[in-house]
1. Report the convex hull volume per residue for chain A, counting only C-alpha atoms, in Å³.
2. Residues of chain A: accessible area per residue at 1.4 Å, in Å²?
3. I'd like the mean, over residues of B:236-244, of how many other protein chain beta carbons sit within 10 Å of each residue's own Cβ.
4. Under a Cβ-Cβ cut-off of 15 Å, what is the net charge of the residues other than A:R14 that fall near it, where Lys and Arg count +1 and Asp and Glu count -1?
5. Taking the alpha-carbon distance from B:K40 and a cut-off under 13 Å, which aspartates and glutamates remain once sequence neighbours fewer than 8 residues away in the same chain are dropped?
6. Count, for each residue of B:192-201, the Cβ atoms from other chains sitting within 10 Å of its Cβ, then give me the mean as a whole number.
7. What part of the accessible area of chain A, given as a whole %, is carbon or sulfur when the probe is 1.4 angstrom?
8. Which order do you get for B:R175, A:R37 if you rank them by accessible area with a 1.4 Å probe, largest at the top?
Amino acid sequence: MELRDELTQDYLDRLRAVQPSDLPEDLDLFDEATATRGRRLNKAAYSLKDEHQRELFHRDEAAWMAQFGLTDAEEELMRKRDWIGLWRNGMSIYVMVKLSGVTNTPLPEIGKQMRESGGANG
Amino acid sequence: MARVVGGIGASHAPSMEHIYDAGEEVRESEEWQPLFGPFKDVATWLEELRPDRLVVIYNDHMDQFYLDAYPTFALGVAAEYPVADEGFGARPFPPLPGDAKLGWHVARSLVADEFDITICQELEVDHGVISPLPMVDFSEGEGGWKIPIVPLAVNVILHPLPSPLRCWKLGQALRRAILSYEEDLRVVVVGTGGLSHQLTGPKFGRVTPEWDQEFMRLLAEDPESLTRYTYEELIKLGGTESVEVVNWLAMRGALPRDARPLVQAYYAHRIMGYGLQTFEVAA
């Protein structure tokens, strides 16, 4: 009982506010769930900051991909340039931009796919 | 003693880099004049104000910091800041001059104020800094960058994010850091990011001009009211990536309460609500 008293209403309000929990499903969040789900995909796309990685990507995409321990499904999303799928599987937009660069995909094209995707889980 | 002599809130975006790099003609085209015209006014204002330093509150986009160790607040204490390669090769700008001595002082002052920032002796800056900055402080040719900077990065990418109230208080602490610096420097504080944009999911491209303009009005007239917004509310109002506006709020926190807006421009175009707002401080 005493321990519970330390958890003031003010504290509990702050704790609740720090994790948005009532967003409509078409507005997403990069948080514990997303960052955990997208760990491998994000690492792969992030690597493209390095010009040697970009070079390898162009020379031998399969060898580039093999570095990151992606699942078969994740490799398939990469190969198909399935932007919505990559997003649903936790890829951050900020590393997706690096992948868009190396694959020569303009952001509006990614946006078009995103808009046509229906819903966050759909 | 150092003083805060002004503030700038400015959007940052790769699109602004593309337009800047495309040259004067594109910048002054009918399409882009509504944004780049006001930026010229800011450059003129800044030239008259003659600040010695810019403290730039911004956010990185996984170009310096990554998810292996993501800092909530990170401060540059370097003598210069190279331009990051964001995945397309770095833009051909020379490194931005820094002020390590001021950086270290700000680091000590922030820690004394219970803001336990990550201290960076090396820091590459991305479009969070160098999409708006050339418009106000860069001369082609020999001139280059004119004003040394101190960069201060805020995590607005990986939730949990520091609350809007916390960012406001960071700005207030930054103000104390500047006012307690022994050198007689004139400092302008810059906050970059936003305004409304949504880059993920079926709402990709959503821009909400009414909220953006309300945000700018509140930032000028009643900034503390913005500290009461939650991220859930900010995301609903302006989009997932629009939460960068807390960088503006931190900037405003570093200014005196009676700072007055001067240049104010807003342009909703394509997938961005572009905002630009300067604040003048009574001498």
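1. Spread over its residues, the Cα hull of chain A gives 149 Å³ apiece.
2. Per-residue value: 57 Å².
3. The shielding value for this peptide is 2.
4. -1
5. Result set, ordered by chain and number: B:E24, B:E28, B:E48, B:D137.
6. Whole-number average of other-chain Cβ neighbours for B:192-201 is 5.
7. Exposed carbon and sulfur together represent 49 percent of the surface.
8. Putting B:R175, A:R37 in descending order of accessible area: A:R37, B:R175.
The values are calculated or read from the model by the stated rules, or taken from the named source; none is laboratory data. Just so it is clear, the structure is predicted and the values come from calculations on it, not from any experiment. Quick reminder, even Gly has a Cβ in these numbers, built from the backbone with ideal geometry, and neighbours come from all protein chains shown. Protein only, heavy atoms only, side chains kept; ligands, DNA and RNA dropped before computing areas. Shrake-Rupley method; radii C 1.70, N 1.55, O 1.52, S 1.80 Å.
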